[in-house]
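Input: a single structure, listed below in structure tokens.
The values are calculated or read from the model by the stated rules, or taken from the named source; none is laboratory data. As the structure is a computational prediction, the values presented were derived from the model and not from experiment. As a convention, Cβ positions derive from the backbone with ideal geometry for all residues, glycine included, and neighbour counts pool all protein chains shown.
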Amino acid sequence: MSQDYRDDLVKSIERSLTTILDQDTLDAVSRKVLCVLSDYEITKRCTDVVVYDDGNERLIKRYCACLIVDGKSKSTVYQYQRQLLRFADSDGSPVTERDIYAIRCYLAVLKERGLANSTLQNIRTYIHAFYQWLVDEEVIEKNPCSNIKPIKTPKELRQPFSPVELDLLKASCKRMKERALIEVLLTSGIRVAELAEMNVDDIDMQTLTVHVKHGKGSKERLTYITDVARMHLQMYLKSRKDNDVALFTNYRSDRIGTGGIRAILKDLEKRSGVVNVHPHRFRRTFATGMAARGMAIQDIQRLMGHNSISTTMRYITLTNEHVKAAYEQHIA
């Protein structure tokens, strides 16, 4: 007969609650738990070393391969794979045999570790999408994550840079590369991954046209930069000592990656005193600025490479002054 661990479980619960409950309340909780457990036999999970079954990993790799075929970006696929492998390694059982309670338990453990609700919701999305793929592939019959509701996250009003903040950022640039980089981000509306993949010849300096060849979902599009952006970009390119085809390079004269671009912006954040300096905020500032100047939402959508107008609308934050000015311009 297997050993009963009910007493051990109650003691473990008591230890976890001792810092938040007084002794009388703790004793009452212990008695209630013991009453509930009287109808159960508790056994301890075996933690002996077992032969590793790579079935979970193979399924996740197959799924990620499908994501790549579907046009998901490398960074997106990496996030899916990283989080799903963590989920798979959290339990010794095959992912195909886990139920809704196992998934809820996993998310609860992550919550206890201090993860934000927004991060938990992303992880829930990854797991849900993975199980839905398993259903579509007829590996399992039902998605165990389908009844787990989306995790509520606080709605944050993500603001574009103000004119003053942009002036501070520009004034804080110490190198030609820094000023050229923020001017390209600000006036083209491109994503950080698109900028990292861009080559010098992807920008036509005569027509100010930017050819985005590695857009999200492997889509190509055209956008533009301003005369001021071209001036700073040309100054930076003339100052370079390398012959790399990349539009921006690092100190080793290699193509700069997304992490390197974010590091540059974080340095500018410290120097300028402007908070939340990240690539996506430049993209939001671009969209808001175009809308404030009267550009049609369909044209902004095309420049930014969005599939739907609703996505573009989430990037635009107009003040009451902008709305009033537009009203006065169009009312007749």
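Listed values, structure above:
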{"item": "Qualifying residue in the stretch 68-79 (condition: within 20 Å of the chain's Cα centre (by Cα), modelled with pLDDT under 80, in a loop (DSSP other than H, G, I, E, B) and surrounded by 15 or more Cβ atoms within 10 Å (Cβ to Cβ))", "result": "yes"}
{"item": "Tabulated pairs, the stretch 59-76, first farther than 21 Å from GLU197 by Cα, second among the aromatic types (Phe, Trp, Tyr) and modelled with pLDDT of 90 or more, C-beta under 8 angstrom, 6+ apart or interchain", "result": "ILE60/PHE130; TYR63/TYR80; TYR63/PHE130; TYR63/TRP133; CYS64/TYR80; CYS66/TRP133"}
{"item": "Number of the condition not met by MET176 [criteria: (1) modelled with pLDDT under 95; (2) surrounded by fewer than 19 Cβ atoms within 10 Å (Cβ to Cβ)]", "result": "(1)"}
{"item": "Candidate set from the stretch 48-67 (those that are modelled with pLDDT under 80 and under 21 Å from GLU137 (Cα atoms)); member that is farthest from the chain's Cα centre (by Cα)", "result": "ASP53"}
{"item": "The stretch 82-125, subset closer than 24 Å to GLU141 by Cβ and of a type in the set (D, E, K, R), residue modelled with the lowest pLDDT", "result": "ASP91"}
{"item": "Leading residue by the ranking (nearest to LYS238 (Cα to Cα)) among those in the stretch 143-201 that are in a loop (DSSP other than H, G, I, E, B) and small (Gly, Ala, Ser)", "result": "SER172"}
{"item": "Single match in ILE182, ILE123, ILE140, ILE100 (criterion: touching a Lys or Arg at 6+ places or on another chain (Cβ under 9 Å), closer than 27 Å to GLN81 by Cβ and not charged (D, E, K, R))", "result": "ILE123"}
{"item": "Verdict on THR153 being in contact with a helix residue (DSSP H, G or I) (Cβ under 7 Å, 6 or more places away or on another chain), closer than 22 Å to ARG283 by Cβ, surrounded by 12 or more Cβ atoms within 10 Å (Cβ to Cβ) and not assigned by TED's automatic domain parsing to the domain that holds MET304", "result": "yes"}
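Each row is one residue, and each column tells you yes or no for (1) under 21 Å from ILE151 (Cα atoms); (2) touching a strand residue (DSSP E or B) at 6+ places or on another chain (Cβ under 9 Å); (3) hydrophobic (A, V, I, L, M, F, W, C); (4) assigned to a helix (DSSP H, G or I).
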residue: ARG86; (1), (2), (3), (4): yes, no, no, yes
residue: CYS105; (1), (2), (3), (4): yes, no, yes, yes
residue: LEU110; (1), (2), (3), (4): yes, no, yes, yes
residue: ALA129; (1), (2), (3), (4): yes, no, yes, yes
residue: GLN132; (1), (2), (3), (4): yes, no, no, yes
residue: VAL135; (1), (2), (3), (4): no, no, yes, yes
